[in-house]
Structure formats: structure tokens, C-alpha cells
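K.L.:
Pasting a structure below so you can have a look.
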Amino acid sequence: MNDKNKSLFSNFNPVSKQEWIEKAKTDLKGEDFNKKLVWKNQSNIDIAPFYTSEDKQDYLKNTGENSQSLINYRYINGPTEENANKLALKAIEEGINGLLFDITETTVVSRLLAGINLNEIAVAFILRAHEVAFAIDFFDYVKTQKRIDHKNLRGYFDLELIPNFITKGKMNPGQCNKAAAIAELASEFPNFKAITISGTAYLDSGANQVQEVAYTLNSLACFIERYADRGISLETIFNNLHFQLAIGSEYFIEIGKFRAFNSLLQEIAKKYGIGEFSHTLTGKTSVWSKSVTDAHTNLLRATTETMSAILGNVDGVLIDPYDNQFHEGSDFSSRIAGNIYTILKEESYFGKVANPADGCYYIEEISAKIANKALELFKEVEAKGGFNQSIESGFIQQQIAKIRFEKIKLLSQRRLSMVGVNKYPNLMEKISSEILSEGEMNPNPKLLKPRRASLEIEALRKTTEELLKNFYKRPIVELSSFGNLTMRKARAAFAYDFLGMSGFEIQPEKSYDSALKAARKSAKSESNVVVICSSDQDYDESALTFVKAFRKINKNKVLLLAGNPIHLIGELTEAGLDGCVHVKSDIISTISSIQRKIQKTIKSLEA
């Protein structure tokens, strides 16, 4: 071989994965590799910092196929058929190729779908009333439209079988009869699905990916038994299945989740003796991951969520407008939501490559781990009597509540980041207390309640906004620094970010020549909260002096220290320090205690 053509890498010996790990351990200087670099997500899956060809394993089968004709659904809800039709036609003009109508009363199908080309546009319906009658009218309408090819009719019916049971406690046996009847009506339309099994409420109530996959499949097994009792064949059931899963914010984990779901669904079908069948899977942007503070960040969240779903091989996406958590939705936010998919398709070439995630060691391993853990959980639920019994006993709700609590704790400790919520707050944002949450309120532990992850932190902001409303004063935070330049700047920046999500007015850092001067000036200022910012060495020398001098002048202000000088805390607290803010501080408990003292101080001053 000519030396010019000789591969550069042939000059180097192969490096094994273990050698890379040993090198990393050397660089870690004795720290535990697994604790420092291996990430364990909320599904209890270990994520290694890197993967090599040595990690190659027997990949999951039947993980789905990347759809080149992905359906981009928009939710349509008009007071009349004419109004809904107008909204639908406008959506089509804006590039939407899937329409999801909300049917709550008797509806004339011909008016609702007038001017919509069902060969090109998918239509789906949430049926809340007159389900069978609407289905009959819908299919009769399609049959009268000679230009519509039955194979081109795409979409689904959703009778909300699962959400009504797990979020409202309503298990209406009549709904199963209606779903069975509608499935028979849909037999001439192979790509239109009559039975929707939705698992979005699990993730939106705080569940992890393994739970969402397992419980959705458990609910499928439950309803297969109910459908079978009504004389509908297993082939008809499986060929009419449409699934909807929520899309969370853990990008690669979500890709693996959808792939694992498709694979496990095929395995379950085989247990029922079904070899080949046609189902559809839609990913819906989650409620859990959204916020009402710095709401435009929801656009970024929806974009990465949509990317995860597409790479995970869904057939359709339903992207909520960024402001739908506190607003009915505007033309602008709906248009932008629809454009997310358009940009991904036309500019990022999503849907142009067949299964782009195949062969990626990282994603393949995540998919396999989710599938294995979800199958274990699925079997555990079935061993407890199945989906219905596990809901009635509260087992599923308790398991989800455990994960939800862990997630909220991580958010409050800032170990799990949400931009605009617990990290990088927008201090220029003005927000009404009416749209902020008062915290989680779910009096019935046997019901799941889809919610935002940020509710408890929003409640802190709501308290601040009500302080402003009731006392005409927004609490002011002063960052009082002295000593080492680098450390005081760093700790002031940390305190600025930490306290920013409270809704307080955070003043720019004020630097002083000495701790004594800083204490006297800040004690006499108009601020409600003062944060001492300096280095550990300066704290050893001057923190106690600062606190004593400060409290001699002012007894009412909240006085905090940025950092965690454990050996000094006892003395500082006795001298009048209210607390510390540092990387291990809990947002909810820290800010709540600050607000309580501010409220008490304001009321006592008014009295």
C-alpha cells in the first residue's frame, strides 16, 4: 500500500474502553468514576459519559420507522362547525397537515370538514358526546366523497378512555362498547384508527419514561380484555390502535422511550398471537416541562421535544402553543407551534433519513434499558391483578407520586434545571399573580393530575406578586460585597440568580472597602433583604463583625450570606444571620422563609 493512502489511524494502537476509563480516573485524582461521571436519570438508568464499539449489543427489534409523511396536528376548538372549519382551513394555509377537532355536541360533519382535502390532510377527533353517531356520520361523509381514496384517510378517534379513568376516576363500560362499535365501522379505512390509548397523563403527572411506557401497555392489556368480551377480534383491535405519549425534556432518553415502546408493543402483540398489524403513535409536547414564567422558553422546550419524538419514530406530533398554560392561545402562538415542525422538516431535513438513530450506541443502549425496565414493571402490574386493580389499589399512583416528589426536590435544589424557573430568571419580566400557581393541590391521591413541574416554585413568585399587590412594594434585595474581588463577584452572581426566581427586585452588587462599612451602609438602605458576598477567608476574618454591626443598626431586615462556612454558622446565627444561600440550598424552603419574615416585618411596620 502506498504510504500516502495508508490510514493515519494505523499508526496508533487501538485503545480499549477500559483504558479510557483508567485515564479518566487518573484525571479525577481518586474521585469515584461512577459517582462523578455516570449519570442516573429518573428512570433509574445509568448513562455512561461515553460509548464505544465495545458497547455494541443485540439491538432492539421493531423500534419503528422514521416517517417521511409525519402528521403535524393542530388542536381545533370552535364554538360552531363553521367557526371550527374556518380555523381548520387557516391552519392548512399555514402548513398544518393534521387537524384535531374537539367534539362536545351534535356536529354536522359536512359543515365541519367543508373544503378539506382528506386525501392530504389527516383528521382526528376527541369525542366527548354522541360518539357512535358522529363516527357513523363521519364515515358516511367520507364514502360520499368519491375523490377520497379510503387508504389515504388518516387520523384517529379519541374517546379519552384512559384519561377519564386515571384523572377523573370514571370507568364507563359503555365507552368500551362504543369504541368496539366504532372500530368495526373503521374496517374499510386501514390508516384511520378508532381506538386511542393515551399515556400522556402519566408523564404529565410526574412519571418517568419507564413508568409511562409500562403503564400505557398495561392499560392496553386491560382494554384488550374488555374489547374481546364484546366480540371484537384481536386483529381488529390491534389494527385500530392509536397511541399518544407525552414528550419530556430529556432529549436522548425520550428518543429511546418511543423506540422502546414500539418494540415492546410488538412483543405484547405476539403474546396475543398477532404477527403483523398497523398502529400509529403520536407524540404530544408535555405539560410537565412547561412554565408560565419566561414562557417563550417553552418554544425551545417544544422544539427539542419534537425532535426527540421524530427521531424516536412517531407517526405524528401535537405541539402545544407556548402560552397555552395561561392563555387560550393566540394566532401567533399557534402559528409558531406549527412552524416548529415545518422548520425541522424543511430546514433540518427531519423525515428525509430512514431511522437516523439506528446504530448509535448511546441511543441503542438507552432504548434497550428502558425496554427491559418497562417490561419488568409491566409484568409487576399484571402480577398485581392488572391495570384496573393497580389503579384501584393506588399502586400506580403511589409509584408516580414517588418519582414526582424526587423531581420536584431536584428542581428545588437546582440539581435539575429549568430555564426561567430555577435558573437564569428573567428579572425584567412582569407577570400577573392570577396566572401563577398556588402549588400542587390534588386532594384525591387516587387520581392523577397533569401539571407543570414548576408549580411549587411558581407559588413563591405568586406570594411576591401578592405582596406587591397588597402592600404596593416589591421586596428589594441588596448584594453587599467586600474583600476578595473574584469570590465576591462570583457569590454575588450566584445570589442574583438564586433569589431572582422569587420575583424580588435584585439590585446590582454594591462593593465596599470593608465589612464594617458594608454592614452600616446596607443596614440603613431601603432594601428588605441583604446578602453578604465575599470569600471564605474574608468570612473567617469579618463575617461576624458584619453581622453584629448590621444588627446593631437594623433588627428587621433579612440578612443572608452567600456561601456555606459551616464552622461559623452557629456564631453567625446567634449574632442575627437569617441563613445562607449556596449550591446545596433548597429554593422553596429558603425563599419561603425569606418571604415569611418580610411579610411579618411589613405588617409590624404598618401597625
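K.L.:
For E440, work out the one condition from (1) surrounded by fewer than 20 Cβ atoms within 10 Å (Cβ to Cβ); (2) assigned to a helix (DSSP H, G or I); (3) among the acidic types (D, E) it doesn't fulfil.
P.N.:
Unmet for E440, out of (1) surrounded by fewer than 20 Cβ atoms within 10 Å (Cβ to Cβ); (2) assigned to a helix (DSSP H, G or I); (3) among the acidic types (D, E): (2).
K.L.:
Is there a residue being within 23 Å of N239 (Cα to Cα), of a type in the set (G, A, S) and either in the same structural domain as L281 (by TED's automatic domain parsing) or surrounded by 16 or more Cβ atoms within 10 Å (Cβ to Cβ) (or both) anywhere in the range 149-157? Give the steps one after another, and end with the answer.
P.N.:
Of the residues in the range 149-157, the ones within 23 Å of N239 (Cα to Cα) are 149-157.
Narrowing the set further to residues that are of a type in the set (G, A, S) leaves 155.
Then drop every residue that is not either in the same structural domain as L281 (by TED's automatic domain parsing) or surrounded by 16 or more Cβ atoms within 10 Å (Cβ to Cβ) (or both), which leaves 155.
Checking the range 149-157: at least one residue is within 23 Å of N239 (Cα to Cα), of a type in the set (G, A, S) and either in the same structural domain as L281 (by TED's automatic domain parsing) or surrounded by 16 or more Cβ atoms within 10 Å (Cβ to Cβ) (or both).
K.L.:
Right, here's the next one. Select from the range 451-482 the residues that are basic (K, R) and part of a helix (DSSP H, G or I) and list them in ascending order.
P.N.:
First, the residues of the range 451-482 that are basic (K, R): 451-452, 461-462, 469, 473-474.
Once the filter is applied, which keeps residues that are basic (K, R) and part of a helix (DSSP H, G or I), the range 451-482 yields R461, K462, K469.
K.L.:
List every residue pair whose Cβ atoms sit under 9 Å apart, with the two residues 6 or more apart in sequence or on different chains, where the first one lies in the range 180-199 and is free of Cβ contacts under 8 Å to residues at least 60 places away in the same chain and the second, anywhere, is among the basic types (K, R) and not in a loop (DSSP other than H, G, I, E, B).
P.N.:
A180/R226; A183/K193; A186/K193; E188/K143; F189/K151; S198/K284
K.L.:
Still on this model: If you check V132 against the conditions, is it surrounded by fewer than 21 Cβ atoms within 10 Å (Cβ to Cβ) and either assigned to a helix (DSSP H, G or I) or of a type in the set (S, T, Y) (or both)?
P.N.:
For V132, the condition - surrounded by fewer than 21 Cβ atoms within 10 Å (Cβ to Cβ) and either assigned to a helix (DSSP H, G or I) or of a type in the set (S, T, Y) (or both) - is met.
K.L.:
Across the range 32-45, what is the number of residues that are out of contact with any helix residue (DSSP H, G or I) (no Cβ under 8 Å at 6 or more places or on another chain) and not β-branched (V, I, T)?
P.N.:
The qualifying residues number 5.
K.L.:
Counting only residues that are under 21 Å from E364 (Cα atoms) and among the polar types (S, T, N, Q), give me the helices (runs of 4 or more DSSP H) lying completely in the range 186-265 with at least 2 of them.
P.N.:
Ranges flagged: 209-228.
K.L.:
Let me ask something else about it. Considering the range 416-437 alone, what residues qualify as being assigned to a loop (DSSP other than H, G, I, E, B) and hydroxyl-bearing (S, T, Y)?
P.N.:
The initial filter retains those residues of the range 416-437 that are assigned to a loop (DSSP other than H, G, I, E, B), namely 416-418, 420-422, 424-432, 436-437.
Once the filter is applied, which keeps residues that are assigned to a loop (DSSP other than H, G, I, E, B) and hydroxyl-bearing (S, T, Y), the range 416-437 yields S417, Y424, S432, S437.
K.L.:
Would you mind stating whether E254 is charged (D, E, K, R), in contact (Cβ under 8 Å) with a residue 24 or more places away in the chain and in contact with a strand residue (DSSP E or B) (Cβ under 6 Å, 6 or more places away or on another chain)?
P.N.:
In short, yes.
K.L.:
Right, next: Any residue that is more than 20 Å from the chain's Cα centre (by Cα) and either part of a helix (DSSP H, G or I) or crowded, with 24+ Cβ neighbours inside 10 Å (or both) - is there at least one of those in the range 322-334?
P.N.:
Among the residues of the range 322-334, at least one is more than 20 Å from the chain's Cα centre (by Cα) and either part of a helix (DSSP H, G or I) or crowded, with 24+ Cβ neighbours inside 10 Å (or both), which makes the answer yes.
K.L.:
Follow-up question, since we're still on this one. Give the residues of the range 354-363 that are more than 20 Å from the chain's Cα centre (by Cα) and either closer than 19 Å to N44 by Cβ or assigned to a loop (DSSP other than H, G, I, E, B) (or both), sorted by residue number. Walk me through it before giving the result.
P.N.:
Within the range 354-363, the subset more than 20 Å from the chain's Cα centre (by Cα) is 354-362.
A354, N355, P356, A357, D358, G359, C360, Y362, listed by residue number.
K.L.:
Looking at (1) more than 34 Å from the chain's Cα centre (by Cα); (2) buried (at least 20 other Cβ atoms within 10 Å of the Cβ); (3) of a type outside the set (K, R), can you tell me which one A124 breaks?
P.N.:
So the condition that A124 fails would be (1).
K.L.:
Looking only at the range 489-533, which residues are in a helix (DSSP H, G or I), surrounded by 18 or more Cβ atoms within 10 Å (Cβ to Cβ) and within 28 Å of the chain's Cα centre (by Cα)?
P.N.:
Matches in the range 489-533: F494, A495, Y496, F498, L499, G500.
K.L.:
Only residues that are crowded, with 20+ Cβ neighbours inside 10 Å and either touching a strand residue (DSSP E or B) at 6+ places or on another chain (Cβ under 6 Å) or free of Cβ contacts under 8 Å to residues at least 40 places away in the same chain (or both): list them for the range 339-371, please.
P.N.:
Y341
K.L.:
Is there a residue being closer than 23 Å to E458 by Cα and modelled with pLDDT of 95 or more anywhere in the range 544-560?
P.N.:
The answer is yes, given that some residue of the range 544-560 is closer than 23 Å to E458 by Cα and modelled with pLDDT of 95 or more.
K.L.:
Just checking, how many residues over the range 270-301 are in contact with a helix residue (DSSP H, G or I) (Cβ under 6 Å, 6 or more places away or on another chain) and either among the aliphatic types (A, V, I, L, M) or under 23 Å from S205 (Cβ atoms) (or both)?
P.N.:
10
K.L.:
Separate question: How about the range 394-436: which of its residues are over 20 Å from V210 (Cα atoms) and without any contact (Cβ under 8 Å) to a residue 40 or more places away in the chain?
P.N.:
Within the range 394-436, R415, S417, M428, K430, S432, S433, E434 qualify.
K.L.:
Return the residue satisfying two criteria in turn: it lies in the range 91-116 and is in contact with a helix residue (DSSP H, G or I) (Cβ under 9 Å, 6 or more places away or on another chain) and β-branched (V, I, T), and of such residues it is surrounded by the fewest Cβ atoms within 10 Å (Cβ to Cβ).
P.N.:
It comes out as T106.
Residue-wise test of (1) in a strand (DSSP E or B); (2) closer than 30 Å to I370 by Cα.
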| position | (1), (2) |
| --- | --- |
| L60 | no, yes |
| T63 | no, yes |
| N66 | no, yes |
| G78 | no, no |
| K86 | no, no |
| L89 | no, no |
| I96 | no, no |
| G115 | no, no |
| V123 | yes, no |
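K.L.:
Let me ask something else. Considering the range 153-210 alone, what residues qualify as being of a type in the set (F, W, Y) and in contact with a strand residue (DSSP E or B) (Cβ under 7 Å, 6 or more places away or on another chain)? Steps first, answer last, please.
P.N.:
We begin by selecting, within the range 153-210, every residue of a type in the set (F, W, Y); these are 156-157, 165, 189, 192, 202.
If the condition is that a residue be of a type in the set (F, W, Y) and in contact with a strand residue (DSSP E or B) (Cβ under 7 Å, 6 or more places away or on another chain), then Y156, F157, F192 are the ones that fit.
K.L.:
If you don't mind, there's one more thing I want to ask. Being among the acidic types (D, E), surrounded by 11 or more Cβ atoms within 10 Å (Cβ to Cβ) and more than 30 Å from F277 (Cα to Cα) is true for just one of D27, D46. Which residue is that?
P.N.:
Only one candidate passes the filter, namely D46.
K.L.:
Is it the case that I594 is surrounded by fewer than 19 Cβ atoms within 10 Å (Cβ to Cβ), under 16 Å from T464 (Cβ atoms) and of a type in the set (V, I, T)? If you could, list the steps in order and put the result at the bottom.
P.N.:
Values: surrounded by fewer than 19 Cβ atoms within 10 Å (Cβ to Cβ): no; under 16 Å from T464 (Cβ atoms): yes; of a type in the set (V, I, T): yes.
When the stated conditions are applied, I594 does not pass them.
K.L.:
For the range 64-101, give me the residue count where each residue is among the acidic types (D, E), in contact (Cβ under 8 Å) with a residue 12 or more places away in the chain and under 16 Å from T342 (Cα atoms).
P.N.:
Summing the residues that are among the acidic types (D, E), in contact (Cβ under 8 Å) with a residue 12 or more places away in the chain and under 16 Å from T342 (Cα atoms) in the range 64-101 gives 1.
The values are calculated or read from the model by the stated rules, or taken from the named source; none is laboratory data. This structure is a prediction, so every number in the text was calculated from the model and none was measured. Cβ sites come from the backbone with ideal geometry, for glycine too, and all protein chains shown count toward neighbours.
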